[in-house]
Structure formats: C-alpha cells, structure tokens
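Engineer: Provided herewith is a single structure, encoded as structure tokens, for subsequent inquiry.
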Amino acid sequence: MAKALQTEKTATGSIILDAKDIAILQLLQQNARMTVKEIADKIHLSTTPVHERIKRMEANGVIKQYATLVDHTKVNKSLIAICYVSLKEHNKTAGTKFVKAILQMPEVVECYTISGEFDFMLKVMCADMNTYHDFHVNKLSNIENMGHVQSIFVMGVIKQTHQLVWG
C-alpha cells in the first residue's frame, strides 16, 4: 500500500499522471459525485486501484477539492465584475496586506496576481450595481495601499468551465 501512494514528480515539481489517472480526473471533473465503482467500470480497473489513485491524487494536491457549481443568476448574484487593481507600493508587506484583505471579502470569488499595467485581477460577484458600488466604495477602495482600480462588467457568459483538458 505504501508503494501505491508514492508519486513521481517532474523536475518542476509537477506530478506525473498516467492515462488512467487522467481518465479518472476527466470523469471527476464532469461529475464529482461519480462513485468509485462507476469510475472503475468506465476505465476498466477494479475499485481498489481506482480508490488508491484518487486518494494519492488528493494527498498530492492534484485534486484540491470537490465543488458544486451554482448558477449565479438563480441565487441573486447576477452582476459579475472583473476588477484590475494596482497598488501604490510594490513590496512583499504591501502585497501580503492586500491579499489578506481580499481573502476576507466574500464578493471576491477569484483573485490572480498578473503582469502588465495592473498587479491583481479580481472576479467579483454581487446582486446588482448598487451592491457592487457599496463593495467598491466601502471595502475595496478602503484597502491600505490601494492605487488604481478599473472595473469591467460582464455582459454575458460565453464559456465558463473549471475542467482541464489533456491531450
């Protein structure tokens, strides 16, 4: 069993996955509620090695979590804004304070450090423009060391997926 949980890594630290691992991941990305037996039947393995592979990928952080995708329009989160943020000061302390503040804001559903004119890109979801205005004025703009914020509003979603593709 200990050998089954060992994982090969590349020089960059990424995990080496074989075709069966990738097949498992593809099935779980389509339906995270799929049972081990259902997965085993589809990839032609018995349940024990499928279970061990899933546990290994969980333990190594390949599988980070299981989630439910929610239709934001049905739960009063119809407004999506992409916010580009630049900080006044660019040092580790300033960046850490910004990140800590963002992590406390439930309206921010994604945050990326980016290159270019801005330092961060945020995906913000709110009920409506009034709610976004309150968030922008009373939360985001009040973060220490805040420089410039540019908000872009999503008018429609063409593609939205969290599924990675191999091939």
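Readers should treat all values here as calculations from the given coordinates under stated rules, not as data from a laboratory. As the structure is a computational prediction, the values presented were derived from the model and not from experiment. Note that we place each Cβ from the backbone using ideal geometry, even for glycine, and neighbour counts take in every protein chain shown.
Engineer: Quick one: Debye curve from the C-alpha atoms of the chain, no solvent, what's log10 I(q)/I(0) at q = 0.09, 0.15 Å⁻¹?
Structural biologist: The calculated log intensity ratios at q = 0.09, 0.15 Å⁻¹ are -0.47, -0.96.
Engineer: With only Lys, Arg, Asp and Glu charged, each at its Cβ (+1 for the first two, -1 for the last two), find how big the charge dipole of segment 9-69 is about the Cα centre; round to the nearest 20 debye. Walk me through the numbers before you get to the answer.
Structural biologist: Working: 9 positive and 6 negative charges, 20 e Å.
In debye, rounded to 20, segment 9-69 gives about 100.
Engineer: Where Rh denotes the Kirkwood radius from the mean inverse Cα pair distance, what is Rg over Rh for segment 72-153?
Structural biologist: 0.96
Engineer: Here is a further query. Using Cα atoms only, what is the angle between the long axis of helix 92-103 and the major principal axis of the chain, expressed in degrees (0 to 90) to the nearest 10?
Structural biologist: Tilt of helix 92-103: around 80 degrees.
Engineer: In nm, to one decimal, how far is the L69 label point from the Q160 one, both placed 7 Å along Cα→Cβ?
Structural biologist: Taking the two extended label points, one gets 1.0 nm.
Engineer: To continue, here is another question. Go ahead and run the numbers for FRET between I15 and K100, Cβ-Cβ distance against an R0 of 41 Å, rounding to 0.05.
Structural biologist: Calculated transfer efficiency: 0.90.
Engineer: Could you tell me which of the pairs K74/K159; K77/K100; K9/K123; K77/K123 are separated by over 21 angstrom between their Cα atoms in the structure shown?
Structural biologist: Numbers: K74/K159 18 Å; K77/K100 23 Å; K9/K123 32 Å; K77/K123 12 Å.
Beyond 21 Å: K77/K100; K9/K123.
Engineer: Tell me the label-point distance for the pair I152, D134, using the 7 Å Cα-to-Cβ offset, in nm and rounded to one decimal.
Structural biologist: The answer from the label model is 2.7 nm.
Engineer: Still on this structure, I have one more. Tell me, rounded to the nearest percent, the portion of alpha carbon pairs in segment 9-69 spaced more than 18 Å apart.
Structural biologist: Above the 18 Å cut-off, segment 9-69 has 31 percent of its Cα pairs.
Engineer: Which residue, T48, H148, Y66, has the largest displacement toward the positive end of the dipole of the chain when charges sit on each Cβ (Lys, Arg +1; Asp, Glu -1)?
Structural biologist: Selected residue: T48.
Engineer: Please report, in debye to the nearest 20, how large the charge dipole of the chain is about its Cα centre when each Lys and Arg carries +1 at its beta carbon and each Asp and Glu carries -1 there.
Structural biologist: With only Lys, Arg, Asp and Glu charged at Cβ, the dipole is about 420 debye.
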